[in-house]
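First up is the structure itself, then whatever we jot down about it.
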Amino acid sequence: MNPKILLIEDDASICDMTKMNLNMNGFQQVYCASDGEEGLELAAQLVPDLILLDVMLPGIDGLTVCRNLKNNPALADIPIIMLTAKGEENDIVLGLEMGADDYVTKPYSSKVLAARIAVRLREKSAGRKDAHLILLDGLAIDMTAYSATLNSHPLMLTADEFKTLALLAANPGKVFTRNQIIREVKGDNYSVTARAIDMHMVNLRRKLGNWADHIETIRGVGYRIAGD
């Protein structure tokens, strides 16, 4: 498989360097768009396997591009990795809540970016989100039986803890904001403070013991289970 990657980035030097680095890491089909409007047009033409999206774009900004892509049924399933400057926590949170799958902060390592791309492509190929059985480093979650075990030992989880763990484990490497976790666990329009979610994660980690090291806290954003 030779996946098509669309890079939407207004800085020509960053675009050229990223394309060259991705080529060196095995991604040969990399297309560049210099602004949001061109990015949306190319996305519709190419239907790429993955999109790298800069937040700060001229004209149509990256957050609006992300929302438009996710609202288009023909493009909604394409994984999106946001490219952001350090300190843009609010933009990261908004982008993730609009449907972006991951983010990388500038300046970024070419190897880290290639690894993040590989994770997102594997997830898309495997259809991980639709799997009834989630297996991850000794953790086994059966969505049909509503049960979880760790190294074959049953985990005594509350319903909310089970949903949270299943959400994170089904999407290794993907960051979920606190609001996303609330919506997935409690549904829309459920009022829970960020502090309550943090305490919820403390309780979940305690039940997971050493396995809890897999769960990363992303400062100012949310949580994820470490990917490959």
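The values are calculated or read from the model by the stated rules, or taken from the named source; none is laboratory data. Note that the structure is a prediction, hence the values are computed from the model and not measured. Every residue, glycine as well, gets a Cβ built from its backbone with ideal geometry; the counts of neighbours run over all protein chains shown. What goes into the accessible areas is simple: the full protein's heavy atoms, side chains included, and nothing from ligands, DNA or RNA. Shrake-Rupley method; radii C 1.70, N 1.55, O 1.52, S 1.80 Å.
Note on the range 29-179: Lys pairs 8 or more places apart or on different chains, Cα atoms under 14 Å apart, count 4.
Screening the chain for DSSP H helices whose Cα atoms reach 20 Å or more along their own axis and whose mean Kyte hydropathy is at least -0.5 gives 110-126, 194-208. For the chain, the relative contact order works out to 14 percent when only alpha carbon pairs closer than 8 Å and six or more residues apart are counted. The residues R195, R120, sorted by heavy-atom accessible surface at 1.4 Å with ligands and nucleic acids left out, run R195, R120 from largest to smallest. Looking at the chain, the DSSP beta bridges with both ends there are about 45 percent antiparallel. Per-residue surface analysis assigns H132 an accessible area of about 120 Å², computed on protein heavy atoms at 1.4 Å probe radius. Dividing the helix sum by the residues of the chain, where each DSSP H run of 4 or more adds -39500 (n - 2.57), gives a mean residue ellipticity at 222 nm of -12500 deg cm²/dmol. Other residues lying with their Cβ under 12 Å from the Cβ of F162 contribute a combined charge of -2, Lys and Arg counting +1, Asp and Glu -1. Near I215: Cβ cut-off under 10 Å, other residues only, Lys/Arg at +1 and Asp/Glu at -1. The net charge is 0. For K106, the amide hydrogen comes within under 5 Å of the amide hydrogens of T84, A85, K86, counting only partners 5 or more places away or on other chains and with H modelled in the peptide plane.
Summed over the residues of the range 2-83 and divided among them, the accessible surface reaches 44 Å² per residue at a probe radius of 1.4 Å.
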